[in-house]
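The values are calculated or read from the model by the stated rules, or taken from the named source; none is laboratory data. The shown structure was predicted, so the numbers you read here are calculated from the model rather than taken from an experiment. As a convention, Cβ positions derive from the backbone with ideal geometry for all residues, glycine included, and neighbour counts pool all protein chains shown. In case anyone asks, the SASA skips ligands and DNA or RNA and just uses the protein heavy atoms, side chains included. Shrake-Rupley method; radii C 1.70, N 1.55, O 1.52, S 1.80 Å.
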Amino acid sequence: MRKIAFTTPAVLGAAMAAIALPAAAQAQTNDNQPEFFIGASAGIHDLGSGIPDDDGGIYGVVAGVDIPVGNTVFIGAEGNFHFGDGAIDNEYGIAARLGARVGDNAKVFVRGGYQEVDIDVFNLVGVNPPPGFDTTAGDYLVGAGVEFGLGDSPIAFRAGIDTIAFDSTRATVGVLYKF
């Protein structure tokens, strides 16, 4: 009888462990999975040239991925494309991200990468450029941002500020869908 009494709790404990361990492993696995995002973005880009009205609104999309490194730190990459008005025809770029999770659904991050800007020369200086004139400029981008999730929803809001080669300033806000 003692053997049966001893075996029954052992079997019961093993069965509970067999059920609980995969669930715990699944929970840990989900926490360390890459987080993909796509969203809409809008803002203003000031070229910093000193020419009056050298800024423009930008409206576009952003997409990327964040990969957890430990409990709070993450690394990631993102790309963007924006149409513009005023002095900006369009712009696009790619950046690496390094950041930290804050609480359950917020992030702070810094980013660095490359941004290419197509300038609307006519809106900037009032004359069309000569044929063959290169209206694009590109350089390194550095910046910082924040993201705030809406509870357990896959929707998040973001805000960021960047500079391209410390010559121009971009401020953007957006809405993301995370999956």
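Tabulated values for the structure
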item	result
Failed criterion for Arg158 (all others in (1) within 12 Å of the chain's Cα centre (by Cα); (2) basic (Lys, Arg); (3) more than 17 Å from Ile58 (Cα to Cα) hold)	(3)
Region 88-105, subset in contact with a Gly (Cβ under 7 Å, 6 or more places away or on another chain) and touching a residue at least 40 places away in the same chain (Cβ under 8 Å), residue surrounded by the fewest Cβ atoms within 10 Å (Cβ to Cβ)	Asn105
Flag if Ile67 is in contact with a helix residue (DSSP H, G or I) (Cβ under 9 Å, 6 or more places away or on another chain) and β-branched (Val, Ile, Thr)	no
Matching residues in region 107-156 - criterion: being in contact with a Ser or Thr (Cβ under 8 Å, 6 or more places away or on another chain), at pLDDT below 95 and open to solvent by 40 Å² or more (accessible area, probe 1.4 Å)	Pro129
Tabulated pairs, region 45-56, first in contact (Cβ under 8 Å) with a residue 24 or more places away in the chain, second open to solvent by 60 Å² or more (accessible area, probe 1.4 Å) and not charged (D, E, K, R), C-beta under 7 angstrom, 6+ apart or interchain	Asp46/Thr169; Gly48/Thr169; Ile51/Val125; Asp55/Ile44
Residue match in region 23-34 (condition: touching a Phe, Trp or Tyr at 6+ places or on another chain (Cβ under 7 Å) and either open to solvent by 50 Å² or more (accessible area, probe 1.4 Å) or free of Cβ contacts under 8 Å to residues at least 24 places away in the same chain (or both))	no
Any strands (runs of 3 or more DSSP E) falling wholly within region 119-179 and containing at least 2 residues that are more than 20 Å from Ala42 (Cα to Cα), touching a strand residue (DSSP E or B) at 6+ places or on another chain (Cβ under 9 Å) and of a type outside the set (Phe, Trp, Tyr)	136-149
